[in-house]
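For reference, the structure is listed below as structure tokens.
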Amino acid sequence: MQNAHRLFLQTFMYHGIMKGKEVKDSHKRAVEHFEGTYNETDLVHFVKTVNDGIRPFHLEIKKAMDEVTESHFYILVNKAETSITRQSSDFNVNQLELFKKLISAVVESDDGLISSTDALNLSGQLEGVKMSKKDAAKLFESLKQKKWINEVDGSYYLGPRSVTELEFYILEEYEAATKCHLCQKLCLHGQNCDQCDVRLHNFCAARCFRGSRNAVCPREECRAVWRHAVRNMDGDEPTSTPQTDSQQLSQKTAKRSRRQ
């Protein structure tokens, strides 16, 4: 690695996670600071060079996407530790236990969501520990700021940092957790085949069925009709059912609110 790569890495060490635009800006600053010639298309090679340099330390900069907003992020991941306990430097034991309960509730839900009210009530389920809802709310706000969780329509879901950094932990700990058939990454928000266990991220489904008017399950042994709305990446009308998954998500969160 050269000095520009080291400066770029220092920014990642400080933030841990950055939006795509922030990474591009950091790349530009690092290159120009050392009087190099900046080219936006060099970012992929630049990140690869950094990753080659930090691989012996079990670190890697990974690209991730928010499963709900589909915003792009880059995350510095410690590959040597896969357990949630690695977050002990940021949170105390009680906070970690509440975070674990939140993860469990989200992963085992039907829609990858937990209402903010139900999340606060988890603070009363900690064994041998008392935590006020006020303290729980402060923790959730901190988790949101650090991109461990995000919020949509009054419900929490796991943010790109949790999905990426805690992927191994979640897949090992919860039978309900599955991978996307296309990208082979943890999928908590997506679409399921009606006839087999294939699951796709919404954005992966859009890629998989691009240009198709009659979408079918991508598993060769299945090929059942895909009965979900699929966003057409070319800007045409969605394939399959008329209701989009974002509309379904809003309906689910609205139902949760009415039940409370």
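The values are calculated or read from the model by the stated rules, or taken from the named source; none is laboratory data. As the structure is a prediction and not an experimental result, all values here were calculated from the model. Note that we place each Cβ from the backbone using ideal geometry, even for glycine, and neighbour counts take in every protein chain shown. Each accessible area value is taken on the protein alone, full model and side chains, heavy atoms only, with ligands, DNA and RNA left out. Shrake-Rupley method; radii C 1.70, N 1.55, O 1.52, S 1.80 Å.
Quick check, is Gln145 under 20 Å from Met18 (Cα atoms) and loosely packed, with under 14 Cβ neighbours inside 10 Å?
Here the answer is yes, as Gln145 does meet what is asked.
Every residue in region 15-55 that is part of a helix (DSSP H, G or I) and at pLDDT below 90, please.
Glu40, Thr41
Does region 154-161 contain any residue that is among the aromatic types (Phe, Trp, Tyr), under 22 Å from Phe140 (Cβ atoms), buried (at least 20 other Cβ atoms within 10 Å of the Cβ) and touching a strand residue (DSSP E or B) at 6+ places or on another chain (Cβ under 8 Å)?
Among the residues of region 154-161, at least one is among the aromatic types (Phe, Trp, Tyr), under 22 Å from Phe140 (Cβ atoms), buried (at least 20 other Cβ atoms within 10 Å of the Cβ) and touching a strand residue (DSSP E or B) at 6+ places or on another chain (Cβ under 8 Å), which makes the answer yes.
With the condition kept exactly as written, say whether any residue in region 167-175 is closer than 19 Å to Ser71 by Cα and open to solvent by less than 20 Å² (accessible area, probe 1.4 Å).
No, that holds for no residue.
Does Asn214 satisfy the criteria of being open to solvent by 50 Å² or more (accessible area, probe 1.4 Å), modelled with pLDDT under 90 and either of a type outside the set (Lys, Arg) or within 25 Å of Asn94 (Cβ to Cβ) (or both)?
Against the criterion (open to solvent by 50 Å² or more (accessible area, probe 1.4 Å), modelled with pLDDT under 90 and either of a type outside the set (Lys, Arg) or within 25 Å of Asn94 (Cβ to Cβ) (or both)), Asn214 qualifies.
Could we say that Leu9 is in contact with a Lys or Arg (Cβ under 7 Å, 6 or more places away or on another chain), part of a helix (DSSP H, G or I) and of a type in the set (A, V, I, L, M, F, W, C) here?
no
Would you point out the residue of region 13-48, among those that are β-branched (Val, Ile, Thr) and surrounded by fewer than 16 Cβ atoms within 10 Å (Cβ to Cβ), that is nearest to the chain's Cα centre (by Cα)?
Out of the qualifying residues, it is Val44.
Quick one: Val44 ticks every box in (1) in contact (Cβ under 8 Å) with a residue 24 or more places away in the chain; (2) under 24 Å from Gly159 (Cα atoms) except a single one, so which number is it?
Unmet for Val44, out of (1) in contact (Cβ under 8 Å) with a residue 24 or more places away in the chain; (2) under 24 Å from Gly159 (Cα atoms): (1).
Given the conditions (1) open to solvent by 40 Å² or more (accessible area, probe 1.4 Å); (2) farther than 30 Å from Phe46 by Cα, and given that Val106 satisfies all but one, which numbered condition is not satisfied?
So Val106 meets the others, but not (1).
Here are some conditions: (1) surrounded by fewer than 15 Cβ atoms within 10 Å (Cβ to Cβ); (2) under 25 Å from Leu139 (Cα atoms). Leu96 meets all but one. Which one does it not meet?
Against the list (1) surrounded by fewer than 15 Cβ atoms within 10 Å (Cβ to Cβ); (2) under 25 Å from Leu139 (Cα atoms), Leu96 comes up short only on (1).
Please name all residue pairs, on different chains or six or more residues apart, with Cβ atoms under 8 Å, provided the first residue is in region 104-124 and is within 13 Å of Glu151 (Cβ to Cβ) and the second residue is open to solvent by 50 Å² or more (accessible area, probe 1.4 Å) and among the acidic types (Asp, Glu).
These pairs meet every condition: Ser116/Glu151.
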